[in-house]
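Worksheet: one structure, shown below.
The values are calculated or read from the model by the stated rules, or taken from the named source; none is laboratory data. On a predicted model such as this, the values are computed, not experimentally measured, just so you know. Every residue, glycine as well, gets a Cβ built from its backbone with ideal geometry; the counts of neighbours run over all protein chains shown.
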Amino acid sequence: DTEVTQTPKHLVMGMTNKKSLKCEQHMGHRAMYWYKQKAKKPPELMFVYSYEKLSINESVPSRFSPECPNSSLLNLHLHALQPEDSALYLCASSQTGVGTDTQYFGPGTRLTVL
Amino acid sequence: QQQVKQSPQSLIVQKGGISIINCAYENTAFDYFPWYQQFPGKGPALLIAIRPDVSEKKEGRFTISFNKSAKQFSLHIMDSQPGDSATYFCAASHGYNQGGKLIFGQGTELSVKP
């Protein structure tokens, strides 16, 4: 099973709301990633967790807060977002987190900030 | 130096034709070059990848050509089919360094006409 699941599929939130995106994989992968993708653009890396520790934070604003409760789960907590944060948020996982690992992407959460 | 430049931005090919997408990079430390395919509403999926110690890799109708001296690589899709219509992203990473960070090209929107 090479599936990464993400919930919810769609999310609409106001600028004062707090919400969370969830990602799950059962491939035994030890690296998990959050990406942001705007329309007709490539995915932009936000965070990498390797062996449940945050290993890369691409200078993402603090209104995005990642959490890795265990090796199968990855959350992205959202608070006080701006309309320009509207995008497709993709989760991915890979075996160990080295650059030659295949990254398996989920279908994404389409986020709209009003 | 961390950029990967991809062209063309969009490509229209007749069914049965050859689709060619080109990428160029500057950083000689890159040593892993994957191509991802993304259909609308889906996350990217690995199509084919190459390391710089080979000049060509073929998987079915998909071939990567790699020119290390020119720092260029390209994707060839033979006998293109309407089902190949998608956005294609080239990418590069540092292999076993830098924690699995992929540098994506800007993407090519391929449309295969029946």
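Take the residues of the stretch A:73-114 that are of a type in the set (S, T, N, Q) and touching an Asp or Glu at 6+ places or on another chain (Cβ under 6 Å): which is farthest from A:THR16 (Cα to Cα)? The qualifying residue farthest from A:THR16 (Cα to Cα) is A:GLN95. If you filter the stretch A:79-101 down to residues that are within 11 Å of the chain's Cα centre (by Cα) and over 30 Å from B:PRO52 (Cβ atoms), you find that the one that is surrounded by the most Cβ atoms within 10 Å (Cβ to Cβ) is A:TYR89. The residue that is nearest to the other protein chains (Cβ to nearest Cβ), counting only those in the stretch A:23-50 that are assigned to a strand (DSSP E or B) and within 17 Å of A:ASP85 (Cβ to Cβ), is A:LEU45.
For the criterion of being more than 14 Å from chain A (Cβ to nearest Cβ) and without any contact (Cβ under 8 Å) to a residue 40 or more places away in the chain, B:GLY43 fails. Listed by position, the strands (runs of 3 or more DSSP E) inside the stretch A:65-114 whose residues that are in contact with a Phe, Trp or Tyr (Cβ under 9 Å, 6 or more places away or on another chain), over 17 Å from A:HIS10 (Cα atoms) and touching a residue at least 24 places away in the same chain (Cβ under 8 Å) number at least 3 are A:87-94. Just wondering, is there one or more residues in the stretch B:70-82 that are touching a residue at least 40 places away in the same chain (Cβ under 8 Å), under 13 Å from the mean Cα position of the chain (by Cα) and within 8 Å of another protein chain (Cβ to nearest Cβ)? Checked against the condition, which is being touching a residue at least 40 places away in the same chain (Cβ under 8 Å), under 13 Å from the mean Cα position of the chain (by Cα) and within 8 Å of another protein chain (Cβ to nearest Cβ), the stretch B:70-82 yields no hits at all. Residue-level check: of (1) in contact (Cβ under 8 Å) with a residue 60 or more places away in the chain; (2) within 13 Å of the chain's Cα centre (by Cα), B:PHE62 misses just (1).
With respect to (1) without any contact (Cβ under 8 Å) to a residue 40 or more places away in the chain; (2) away from chain A (no Cβ under 14 Å), the lone exception for B:ASN22 is condition (1). Scoring A:MET15 on the criteria (1) within 15 Å of A:ASP85 (Cα to Cα); (2) in contact (Cβ under 8 Å) with a residue 40 or more places away in the chain; (3) more than 16 Å from the chain's Cα centre (by Cα); (4) within 14 Å of chain B (Cβ to nearest Cβ) leaves a single failure, condition (4).
Just a yes or no: is a residue in the stretch A:86-106 of a type in the set (Gly, Ala, Ser) and farther than 24 Å from B:GLN38 by Cβ? Within the stretch A:86-106, none of the residues are of a type in the set (Gly, Ala, Ser) and farther than 24 Å from B:GLN38 by Cβ. Filtering the stretch A:102-114 to residues that are surrounded by fewer than 21 Cβ atoms within 10 Å (Cβ to Cβ) and not polar (S, T, N, Q) leaves A:PRO107, A:ARG110, A:VAL113, A:LEU114. Among the residues making up the stretch A:8-22, those that are over 22 Å from A:TYR51 (Cα atoms) and in a strand (DSSP E or B) are A:HIS10, A:LEU11, A:VAL12, A:MET13, A:LYS18, A:LYS19.
Being surrounded by fewer than 17 Cβ atoms within 10 Å (Cβ to Cβ), within 12 Å of the chain's Cα centre (by Cα) and either modelled with pLDDT under 95 or basic (Lys, Arg) (or both) is the filter here, so list the residues in the stretch B:1-40 that pass it. Residue satisfying the conditions is B:LYS5 alone.
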